[in-house]
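The values are calculated or read from the model by the stated rules, or taken from the named source; none is laboratory data. Note that the structure is a prediction, hence the values are computed from the model and not measured. All Cβ positions, glycine included, derive from the backbone under ideal geometry; neighbour counts span all protein chains shown. Heads up: the accessible areas ignore ligands, DNA and RNA and are worked out on the full protein's heavy atoms, side chains in. Shrake-Rupley method; radii C 1.70, N 1.55, O 1.52, S 1.80 Å.
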Amino acid sequence: MSVDIHETLAFECETGNYHTFCPISCVSWLYQKIEDSFFLVIGTKTCGYFLQNMLGVMIFAEPRYAMAELEEGDILAQLNDYEELKRLCIWIKKDRNPNVIIWIGTCTTEIIKMDLEGMAPKLESEIGIPIVVARANGLDYASTQGEDTVLAAMAHRCLEQESFVRERNGTIQDLFPFPSPPKKEKEELVEYGDHPPLTLFGSLPSNVASQLNPELRRQSVKVSGWLPAHRYTHLPSLGDGVYVCGVNPFLGRTATTLVRRERCRLIGAPFPIGPDGTRAWIEKICPVFYIETQGLEEREKRMWESLKDYISLVRGKSVFFMGDNLLEVPLARFLIRCGMIVYEIGIPYMDKRYQAAELALLRDTCIEMCVPIPRIVEKPDNYNQIRRMRELQPDLAITGMAHAGPLEARGMNTKWSVEFTFAHIHGFANARNVLELVTRPLRRNDNLEYLGRASLVKRDNKSQ
């Protein structure tokens, strides 16, 4: 998909440092999504402290992740890394018996050049459990890009479409000597259109994914699978003829892997955040399969009607994105549609090819709403950003946790961007959650201001 966006959108790059969470934070949601997995993070005690604080202490559950803490002997190459990892993986197999072990490399493994990719195949053959290696170091990636590296690594483990069909047909022939498809398959042929397989990639909570599947089913589009699946053994089949579409803007590496290595066909679409984004997402998928959409305009209109109470609070307000989780562009587009003014979109990393459709929708939304098109700053320098914020005085700053406190102390409303990472924000029904997060600091400070005025009036009455 070729979209000419460079003439209307202003892109800048300040080459500042990443001021985001460490990307190993992806373990906190991926280990819950892939139910038969075990994540082994290979790093230092600092990584362990971060994960412990990030995930919290779980008393009644044993999470499926652990730390392989590197010591001085490991860093000085005085210990045998392979034997130590083998010992840990054997213990994991005996204690948890997962269907896959995912090694997460950190900054330290990058610096000391640990050959995780070289050790994994040999160890995998010895212990009989698949080992997937993903690098999630904070030197090269922002917080949410840890998921991107894990999904790109898992894409190589998916069955090819041709072999999958042969295996499935062989199984059916063994079970049914006289070919007759089950009744369920006949019903699906009536319900769904006859189109090539469609795989969606991106880790979403189960209830959010179960909302997007019916949205496509209403349009007679069948979702063949998700990457990642609930279980490693249920990974979707990929290959030539399989269409893929992403649900999050930080999965550029996964999209590249699916197209170049797995020979899939990428559907370039905006991301299903907000009623406008969800409608555009579906409208990009359906024409690929020669399916005409039904009732999308009415459904989007009903959702906007249900958001009127929140839209009245944000209309005319201004917002400044400092850049943290790579969700900034679709969030900015949705807030502009709600009537807000976006001064700047800071983003740690911008993949213009993967986000081309989203950027085009951002441009069209600004034109339709008659507001200036915000400039997009990749790898922003926070000192320059704070200077610009002092001049612009936005009503709200969406920023990382490190800057929220100092900005609040200077009288600016802030919202942690990490909350959007963990909130349910995809699909028609969850648009309300986005506006709930955005309006919460505005409502809180308005209430404080009201209480302050009320206390002053009460004090004046007493003095009189």
- Message: Can you find, within the stretch 1-58, the residue that is modelled with the highest pLDDT among those that are of a type in the set (Ser, Thr, Tyr) and over 30 Å from Ile386 (Cβ atoms)?
- Response: Ser37
- Message: Every residue in the stretch 384-408 that is within 15 Å of Arg444 (Cα to Cα) and exposed (fewer than 12 other Cβ atoms within 10 Å of the Cβ), please.
- Response: none
- Would you mind stating whether Ile341 is open to solvent by 20 Å² or more (accessible area, probe 1.4 Å) and at pLDDT 95 or above? yes
- Query: Can you name the number of the only condition in (1) open to solvent by less than 30 Å² (accessible area, probe 1.4 Å); (2) within 20 Å of Lys379 (Cβ to Cβ) that Lys352 fails?
  - Reply: (1)
- Message: Glu419 - would you say it is surrounded by fewer than 20 Cβ atoms within 10 Å (Cβ to Cβ) and either at pLDDT below 90 or within 13 Å of Asp324 (Cα to Cα) (or both)?
- Response: yes
- Query: All but one of (1) aliphatic (A, V, I, L, M); (2) at pLDDT 95 or above; (3) open to solvent by 10 Å² or more (accessible area, probe 1.4 Å); (4) under 17 Å from Leu204 (Cβ atoms) hold for Leu251; which doesn't?
  - Reply: (3)
- Please work out if Gly411 is assigned by the TED database to the domain that holds Leu437, assigned to a loop (DSSP other than H, G, I, E, B) and out of contact with any helix residue (DSSP H, G or I) (no Cβ under 9 Å at 6 or more places or on another chain). yes
- Message: Residue under question is Glu298, and the condition is that it be charged (D, E, K, R), surrounded by fewer than 18 Cβ atoms within 10 Å (Cβ to Cβ) and assigned to a helix (DSSP H, G or I); does it hold?
- Response: yes
